[in-house]
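Notes for the one structure printed next.
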Amino acid sequence: MCPADGPDEQRYIIYSSAFDKVIERTTAYKIVLTAIKKEYDDFLCAVKRSQHDARLAHGRLRALAAKPTSIMYYKKRAIQLQERIEIIQKNTAELHIELKRLQESRMERRPSQQETSDSKEPPPTGQIPGRNHPSFKSLVMGLTFERASLGSIPLSLTFEESVSLEALQRHLEHLEQKHTDLQRKKNSQYVSKQVKVDLENEVRCAHDRREKLANENRRLELRNRQMALLHEAFSSWEKSERAVPLGELLPSVLEQISHLKECDSDPHDVSAEASEEDDPAKAKESKLLSDYVKRFTELFEGREYEAAALHAARSPGGILRNMETLDRFKAIARREGELPPALLYFQALMEALPAGRQLPGRDLAVEGVRAALQGGCVELVTHWVSQRRLAFSEALGDVIGAHGRGEAGVADTCLALAQVVYSGCGLHRKAAVCMCRRGMISAARQFIHNNSKAFSVDDCLYVVRSCPSVALLQALTLEHRGRPAALSLGFAALSLLDTQNQELVFLLLERMQECGALEEAVLSDAVCTAEGWSEIAAHCRGRGRLARTIDSALMSLQGAVRVSPGLEGAKLMEHVFL
């Protein structure tokens, strides 16, 4: 039923899911079907890998085929550039010759110009008024007043105006008006430098007085809380009709009072809030934060998501590095050919994070990794996890592991990353499950034996139920390098017989029966009693040979007697219980 245009990835996913459902509903052939599906998956992965290699090889061949043409074009371009360089060099040489000629002509003209300037007479000038002239006195008075009052203000009079009495009078009135304005501005807008020094001293004294009053206030508050605690203790003691002697009550109350400190501020203290409102530095900081958030909103609403993500990642105090901001980016639909906005924001967070530091917030890390995996950026997640840039948690490992089960191409990578996360969180049983799902049964057994104190019997059964495998069950129920088995064979069999994994128990017992190790395992099992093995034999009645082997092993125990299932056996047991 393959379509004419070739196999489709979506059809493969549907068939794979259907195959998984079939395997879950079967019991007798689950192991065989699982092995078949694994061979299919391995074969398809090999086909995809070969296709990828073929595309790479095709690209290399095209590059090699185009290499002679590219070299020809490069040589042609080099010849063109060489011709242009020769033209530029020729023009440069001509310009140098022209410049040298101009310099020589300029040097020849310079002596003739000096001779012409020496032969010219100075231009005639007007008469300067004498000392006894009335305008001379007015001019001297104006200049003296101007220098004394205005310092370096330049004169704006021409030579004709400087000898005119009316013009000088008008200029004097202008300067007097300017002097009056400056004097008024000095009296109204400026004060002496000593005033600033006095104000600074007053502010310093007020600050010191405020600190002293704040210390006194904290001391009095501590005293008030101590007295209130003592009053409450005495009131309760009187209400209890003095059931406890006062000598026994006082030491505990005094010890409780001694633990009180001045730093234990009152949650209903209004003075702290008032001081924050009166502090201009905090008010300025609040305004800066408000402007920063406003700028982020403008970028976000303008659909400049990359710039908005960088702006939010570098926000002061981390006011925009939270789940609310990530939810805003998640609500934006992904554009075709671009990364999801949520991934842009989380990637900006990781870039703004200092080297060697972890991103605070486990929920933020989980959502960011989920966005990266949905965007197909497994390499980013690998880098973050390997460099420990994220806060490890069980939810983070579950997200990575679930993505590995859904994507066949990255399954091994995701399971390895989930194993690192679980190990970092101390969730050893989930780390062992990841190893088993990767097919590393021996490594999982070694991991369980190395962390035997952290693995309980329930943890081992959880690993077996999560990854049902005869090899795994056999590895956990046998000794390993002189160490006792992690699970008792009888206890594990009893725990799994009432579940969907009972076929694993039958397969393991039959395998041990074939190699002659079943009777020894029954006799050496110190956890499961003879009654437990009898129950296991009862479940194996449909496999007669297996049940007989277990019964014969139980009969070889010292003091064991087979009780017939009839009336005589019932009478015997009734006699034993009586």
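None of the figures in this text is laboratory data; all of them are computed from the coordinates on show. Since we're looking at a predicted model, the values are computed, not measured. Here the Cβ is made from the backbone with ideal geometry for all residues, glycine too, and neighbour counts use every protein chain on show.
Phe19 versus Cys205, label points 7 Å from Cα toward the beta carbon: distance in nm?
The modelled label-to-label distance comes out at 9.1 nm.
Using +1 on the beta carbon of Lys and Arg, -1 on that of Asp and Glu, and nothing else charged, what's the dipole of region 193-265 about the Cα centre, debye to 20?
Dipole size: approximately 340 debye.
What does the highest-first list of 48-54, 381-387 look like by mean Cβ count within 10 Å?
381-387, 48-54
Treating only the Cα positions of region 150-251 as identical point scatterers, give the base-10 log of I(q)/I(0) from the Debye formula at each q in 0.13, 0.15 Å⁻¹.
Summing over Cα pairs of region 150-251 leads to -0.78, -0.86.
Mind ordering 371-378, 453-460, 180-187, 393-400 by average Cβ neighbours within 10 Å, highest first?
393-400, 371-378, 453-460, 180-187
How charged is the neighbourhood of Phe455? Take every other residue with its Cβ under 15 Å from the Cβ of Phe455, and add Lys/Arg as +1 and Asp/Glu as -1.
+4
With equal scatterers on the alpha carbons only and no solvent term, can you work out the Debye log10 of I(q)/I(0) for region 9-101 at 0.16, 0.19, 0.23 1/Å?
-0.84, -0.96, -1.10
Listed highest first by mean packing, meaning other Cβ atoms within 10 Å per residue, what order do 29-41, 544-556, 309-321 come in?
In descending order of packing, they fall as 309-321, 544-556, 29-41.
Rank Leu102, Gln80, Pro7 by how far each Cα sits towards the positive end of the charge dipole of region 1-102 (+1 on Lys, Arg Cβ; -1 on Asp, Glu Cβ) and give me just the farthest.
Leu102
How much length would be gained if the chain were fully extended between Leu33 and Glu514, taking 0.36 nm per residue of separation minus their Cα-Cα distance, in nm to one decimal?
So the extension gain works out to 170.8 nm.
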